[in-house]
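Read-outs throughout are calculated quantities, based only on the coordinates presented, and are distinct from any laboratory measurement. Predicted model, so just to flag it, every value in this text is computed and none were measured. As a convention, Cβ positions derive from the backbone with ideal geometry for all residues, glycine included, and neighbour counts pool all protein chains shown.
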Amino acid sequence: MRMYELVFVLKGSSTEIQRKKLITTIKDWLKSAKIIKQDELGQKELSYPIKKETKGVYFDWNIEAEKIPSEFERKLFTNDEVLRHLLIRTK
């Protein structure tokens, strides 16, 4: 099994309910993977505006999976609530 780290930033203007719904959706996209660690780093001021947002909520996940589907990153990229994301293979 391979280890991945996923860091993503959601819009700071979104409500707690919207965030929880989106996190559930992201977990559904990763149905074949196991989420080892799931941290919410909180809301922070962005260095520069992204999609007219000045604040974002940061998340850091460690994921164990055989392979992350290529459509997963496409879905993150096209989702309006996700400002930025970074998925790297750690092991």
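A few remarks follow.
- Computed [θ] at 222 nm, helices only, for the chain once each DSSP H run of length n ≥ 4 contributes -39500 (n - 2.57): -8000 deg cm²/dmol
- For the chain, the longest principal axis of the alpha carbon atoms and the long axis of helix 16-29 meet at an angle near 30°.
- Label point distance in nm, ILE50-ASP80, each placed 7 Å from Cα along Cα→Cβ: 1.8
- Angstrom value of the Kirkwood radius, inverse mean 1/r, which spans all Cα pairs in region 2-89: 13.3
- Rounded to the nearest 20 debye, the dipole magnitude of the chain is 120 debye, with +1 charges on Lys and Arg beta carbons, -1 on Asp and Glu beta carbons, and the Cα centre as origin.
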